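Let me begin by presenting the structure, written as structure tokens, before commenting on it.
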Amino acid sequence: MKPETGSGQPPDRADVIAHPPVLYGGFLMIGAIMDRLVPLVVLPDSLNPAGWVLVIFSFAIGLAAVFRFVSRGISVPTHTPTSGLVTDGLYRYSRNPIYLALTLIYIGTSLIAGWFWPLLLLLPLLPLMHYGVIRREEDYLNAKFGTEYQAYRKAVRRYL
């Protein structure tokens, strides 16, 4: 984490490169524009129902994951301090169910719209999320919660 200007103390938040919904939304918009300007592949309409299933299922995952934070009074956004760890509910199976939901919503939206470019843009988006967001959040949580977070990391997978 980088120190805040003038304070000499690191900020009490994860030093992520951007807010994850902004990254997913930005890549989706760029992909949609690219698909409009330079269509590479026309996705069949038969994928549309699968897209809807993914979006609906993923919203449920995302809402359940966010509810775990909110019900405990713990901040969700990456630009705010966190006051605790959530290790139950979906967080027993994955340390990042919100990011899983965002990824599946992104894929589902692409399938519904018939956009290929956004699917192709997942290739740079996922490593960007891994290194620019998730690993930085892990460093922050490790520094803030120490052995409690380390035990959680050993017990629960990062993704699935």
Residue within the stretch 17-38 that is more than 14 Å from the chain's Cα centre (by Cα) and not in a helix (DSSP H, G or I) present:
yes
Inside the stretch 78-94, can you point out the residues that are more than 21 Å from V22 (Cβ to Cβ), open to solvent by less than 40 Å² (accessible area, probe 1.4 Å) and assigned to a loop (DSSP other than H, G, I, E, B)?
G84, L85, V86, S94
Within the stretch 17-42, how many residues turn out to be open to solvent by less than 30 Å² (accessible area, probe 1.4 Å) and in contact with a Phe, Trp or Tyr (Cβ under 8 Å, 6 or more places away or on another chain)?
5
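Considering only the stretch 99-114, I want to know if a residue exists there that is closer than 20 Å to K144 by Cβ, surrounded by 14 or more Cβ atoms within 10 Å (Cβ to Cβ) and touching a residue at least 12 places away in the same chain (Cβ under 8 Å). Spell out how you get there, then give the answer.
Taking the stretch 99-114 and keeping what is closer than 20 Å to K144 by Cβ, we get 99.
Filter again for surrounded by 14 or more Cβ atoms within 10 Å (Cβ to Cβ), leaving 99.
Of the ones still in play, those that are also touching a residue at least 12 places away in the same chain (Cβ under 8 Å) are 99.
Within the stretch 99-114, one or more residues are closer than 20 Å to K144 by Cβ, surrounded by 14 or more Cβ atoms within 10 Å (Cβ to Cβ) and touching a residue at least 12 places away in the same chain (Cβ under 8 Å).
Out of the stretch 115-126, which residues are of a type outside the set (A, V, I, L, M, F, W, C) and surrounded by fewer than 16 Cβ atoms within 10 Å (Cβ to Cβ)?
Of everything in the stretch 115-126, just one residue is of a type outside the set (A, V, I, L, M, F, W, C) and surrounded by fewer than 16 Cβ atoms within 10 Å (Cβ to Cβ), namely P124.
In the stretch 43-74, which residues are closer than 28 Å to R13 by Cβ, open to solvent by 40 Å² or more (accessible area, probe 1.4 Å) and either of a type outside the set (A, V, I, L, M, F, W, C) or touching a Ser or Thr at 6+ places or on another chain (Cβ under 7 Å) (or both)? Give the derivation first.
Taking the stretch 43-74 and keeping what is closer than 28 Å to R13 by Cβ, we get 58-74.
This time we only want the ones that are open to solvent by 40 Å² or more (accessible area, probe 1.4 Å), so: 59-60, 63-64, 66-68, 70-73.
Across the stretch 43-74, the qualifying residues are R68, S71, R72, G73.
The values are calculated or read from the model by the stated rules, or taken from the named source; none is laboratory data. The structure presented is a predicted model; accordingly, all values stated were derived computationally and were not measured. As a convention, Cβ positions derive from the backbone with ideal geometry for all residues, glycine included, and neighbour counts pool all protein chains shown. Calculation scope for accessible area: heavy atoms of the full protein, side chains included, ligands and nucleic acids excluded. Shrake-Rupley method; radii C 1.70, N 1.55, O 1.52, S 1.80 Å.
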